[in-house]
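In what follows, a structure is listed as structure tokens, so that the remarks can point back to it.
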Amino acid sequence: MLFESFNYGQQSFENRIAMAPMTRSRTSQPGDVPNDMMATYYKQRANAGLIITEGAPISAVGRGYSMTPGIYTQAHIDGWKKVTEAVHSAGSKVFIQLWHVGRRSHETIAGEQPVSASAVKEPDQVFGPLPEGGFGMVETGMPRALGEQDIQDTIADFVQAAKNAMEAGFDGVEIHAAHGYLIDQFMRMASNQRTDQYGGSQENRMRFMLETVEAVAKEIGSDKVAIRVSPHVIEGYAEEDPEIIELTLKALAKLAPMNLAYVHFSENISRYVEAPESFRQQVREVYPNPIMVAGKLTKETAQQLLDKQYADLVAFGTPYVTNPDLVQRFKNDWPLTEFDADARLTLYGGDDKGYIDYPEYQPSRSSL
């Protein structure tokens, strides 16, 4: 099933393999603008049925990592057009990941005090400017709590970013509600200590996420909207949330009637617990629509998820860093180039080294 096409609503993907979103920080400065090098990078990997871009901040205050490509200025839109045209010319589809990091930022990156569901900080670091010059990991700042008008303004920023994405030629958008970023901060008890309609009960804590998805879907069409969640990942938090699994299942039941392009589960990164098979069964009971899973998958484990109908699409992240021709390697059982220490050194920032210089596999005549 990995190499079979997948169709849902108005979306049609050549195969069920997706390239997962990965921050690479290769934009042109000033302005964090997507460029020709990024277009080459994504085109090289357009053997995936669907590419999901690195996270694109929806606003300046939504930015938490330096040199990441935005989607809130005309320059961003024009830069992203190079990427979408390149991917489409190679025969693939591409969604942009809409990103607001919330408290996982610093005023030197966001341009103002970071924001969150509540004024609560956890020890955390993000990629930003260093006091001595250059870039590196910096401690996040203390966030301020969003007021109710701020929340509505942020939802409007997501909607405008989605409109900008359509202008840039994307096939859809993936709303980032995972990994301890803003929407996830509203859903979890430790980061959401509000007493208004956006805090307290599980229904209140999922409200911001549901309102955002609904508003974006109303603007561009639900079959062009996806969402990424990570209930089993503890990134950005000191402890596991005792209610996040139950909240996620309830939220999925409310998302189901919206008929989204897919729901994307991010797993097995940073600090995490394994997603048990019982969870996958519970998800299928409440959510009959397309599901994508990512997180240290192999060709074999991805196929198992498809065979058991726990997923309809499977996403690969770091294998795509070093294997631009990943689908062809899977199809032909060719060896993968390892994501090693050298690859990690060039993951964030820099030039074409470790970015667009990984070669496609060249089989020997005996293997043809």
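The values are calculated or read from the model by the stated rules, or taken from the named source; none is laboratory data. Note that the structure is a prediction, hence the values are computed from the model and not measured. FYI the Cβ positions are ideal-geometry reconstructions off the backbone, even for glycines, and counts take in every protein chain you see.
Scanning segment 75-86 for residues that are basic (Lys, Arg), surrounded by fewer than 24 Cβ atoms within 10 Å (Cβ to Cβ) and not in a strand (DSSP E or B) turns up at least one hit. For residue 343, state whether it is under 22 Å from residue 235 (Cβ atoms) and in a helix (DSSP H, G or I). Taking the combined requirement at face value, the residue satisfies it.
Residues that are in contact with a helix residue (DSSP H, G or I) (Cβ under 8 Å, 6 or more places away or on another chain), closer than 30 Å to residue 307 by Cα and among the aliphatic types (A, V, I, L, M) within segment 13-42 comprise 17, 19, 20, 22, listed in sequence order. A single entry from 295, 221, 200, 236 fulfils the requirement of being modelled with pLDDT under 95, at positive phi and not charged (D, E, K, R): 236. Of the numbered criteria (1) touching a Gly at 6+ places or on another chain (Cβ under 8 Å); (2) more than 18 Å from residue 175 (Cβ to Cβ); (3) at pLDDT 95 or above, the one residue 265 fails is (2).
Once segment 326-355 is narrowed to residues that are surrounded by fewer than 18 Cβ atoms within 10 Å (Cβ to Cβ) and hydrophobic (A, V, I, L, M, F, W, C), the residue that is nearest to residue 298 (Cα to Cα) is 336. When segment 1-33 is limited to residues that are within 18 Å of residue 71 (Cβ to Cβ), among the small types (Gly, Ala, Ser) and more than 20 Å from the chain's Cα centre (by Cα), the one that is surrounded by the most Cβ atoms within 10 Å (Cβ to Cβ) turns out to be 28.
Go through the residues of segment 83-92 one by one and say whether even a single one is touching a Pro at 6+ places or on another chain (Cβ under 8 Å) and hydrophobic (A, V, I, L, M, F, W, C). Yes, segment 83-92 contains a residue that is touching a Pro at 6+ places or on another chain (Cβ under 8 Å) and hydrophobic (A, V, I, L, M, F, W, C).
Taking the options 191, 230, name whichever one is polar (S, T, N, Q) and more than 23 Å from residue 147 (Cα to Cα).
Only one candidate qualifies: 230.
When segment 87-135 is filtered for residues that are under 21 Å from residue 60 (Cβ atoms), among the hydrophobic types (A, V, I, L, M, F, W, C), part of a loop (DSSP other than H, G, I, E, B) and over 22 Å from the mean Cα position of the chain (by Cα), the ones remaining, listed by number, are 119, 130.
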